[in-house]
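Encoded as structure tokens, the structure appears first; notes follow it.
The values are calculated or read from the model by the stated rules, or taken from the named source; none is laboratory data. Keep in mind that what you see is a predicted model, and the values were worked out from it rather than measured. Using ideal geometry, Cβ is built from the backbone for each residue, glycine included, and neighbour counts are taken over all protein chains shown.
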Amino acid sequence: MLAFATLALLVTVALALVRAALGPTVFDRLQAANTVGTCAMLLLAVLGFLFGRPEFLDLALVYGLLNAIGVFAVLKFLRQDDLGEASKDAANLRERA
Amino acid sequence: MARQFSFLLSLIAFWLLLSGMFTPFLIAAGIGSAIVIVLLSRRMDLADHEGHPVHLAWVAVLSYWPWLFKEIIKSAWDVTRRVLHPALPISPVLVEFRPTQTTDVGLVIHANSITLTPGTISVEVEPDRFLVHALTREAGAGLTGSEMDRRCTALEGN
Amino acid sequence: MSTLVESISAISLLLGALFCCVGGIGLMRMPDFYTRMHAASITETLGVGLTLLGLLLLAGWTLVAVKLLMVGALVFFVSPTASHALARAAMTCRLKPVLADVGETTSKP
């Protein structure tokens, strides 16, 4: 059953990758990237059990955190053009839509 | 002060659970880093009523989670049927309504619960106005004055 | 007893994997960005939840189980926040959602 779960997760990753390639907006791609990240996290957890190496769960934890932070970082970059400075306004975001 | 102490204790517990190795050096390192984090968060004013909300009505929280899980399963099953249905029977709507929570934590819990439930996503969150995108008209109609709204207000306690 | 737990865990893993796939299929089938987010949230709730429950039953009462619960709590708290940020950014961008006609009768699956 672990092998089946691995396979199904890989199928989901493939579907999300197709969505990321098709787009059409940058938000669709971000949502697809988020789904790929979630599935990769689950995949790490399942593989840890499949290979009998539960240390993989630590990696899954870090991957889950990075996944969320990655989405926020891209959104912030879209909004403000760079990651360091605070608050140029939302007009910038509209411009690039 | 009590809030910072409970923050310290939860950080130490977090370290011990993650490391799973109980040598004196690692335990001491864990306690050391927990103290440093508490001092830093004190300096940054992070462990306040938002960052470490120990003041919630915990009895209400404990009954809220099972109820939320039940709602998630129900609506996830509904969305699943719609996704797999050949005709794709969706009727997306934008719904605007006024939540009854008064504190920031209550509003955040309500908005997060709405988003966590498949079929509804909170798009804009302001103290007196929620804008929610719902996958179906029925899901959108059930949002105003919902049981979730009532339960989230009960969580705020005092 | 242990066979019972193992079979529950197998069923849970199977269902979790299937719900993940449903999220992926929805991501392909839905007509616009906002509706795709609804499909993806199936993966993030039932898919993750049931898969982790299956692993939890395999792990038993160990530190591994605690870590699985932490992964679950992380997804549980962080993924709606990420979804909300994404939807809000799309709305600020004036990305128009496809909405149903007002006069249309209710949709039953």
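Filtered by the rule that a residue be crowded, with 18+ Cβ neighbours inside 10 Å and in a loop (DSSP other than H, G, I, E, B), the stretch C:42-95 gives a lone residue, C:Cys93.
Within the stretch B:86-105, residues that are over 11 Å from B:Ala139 (Cα atoms) reach partners that are assigned to a strand (DSSP E or B) with beta carbons closer than 6 Å, at six or more positions or on different chains, in the pairs B:Glu96/B:Leu131; B:Phe97/B:Phe130; B:Pro99/B:Phe130.
Candidates C:Ala39, C:Ala17: the one that is within 7 Å of chain A (Cβ to nearest Cβ) and surrounded by 23 or more Cβ atoms within 10 Å (Cβ to Cβ) is C:Ala17. Test B:Thr103 against the stated conditions and say whether it is hydroxyl-bearing (Ser, Thr, Tyr) and out of contact with any helix residue (DSSP H, G or I) (no Cβ under 9 Å at 6 or more places or on another chain). Answer is yes for this residue. Give the residue that is surrounded by the fewest Cβ atoms within 10 Å (Cβ to Cβ), with candidates limited to residues of the stretch B:67-106 that are away from chain C (no Cβ under 12 Å), among the hydrophobic types (A, V, I, L, M, F, W, C) and not in a strand (DSSP E or B). Filtering the stretch B:67-106 for residues that are away from chain C (no Cβ under 12 Å), among the hydrophobic types (A, V, I, L, M, F, W, C) and not in a strand (DSSP E or B), the one surrounded by the fewest Cβ atoms within 10 Å (Cβ to Cβ) comes out as B:Trp67.
Table: residues versus (1) at pLDDT 90 or above; (2) surrounded by fewer than 13 Cβ atoms within 10 Å (Cβ to Cβ); (3) closer than 16 Å to B:Phe14 by Cα.
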site	(1), (2), (3)
B:Ala34	yes, no, yes
B:Met44	no, yes, no
B:His52	no, no, yes
B:Val61	no, no, no
B:Trp65	no, yes, no
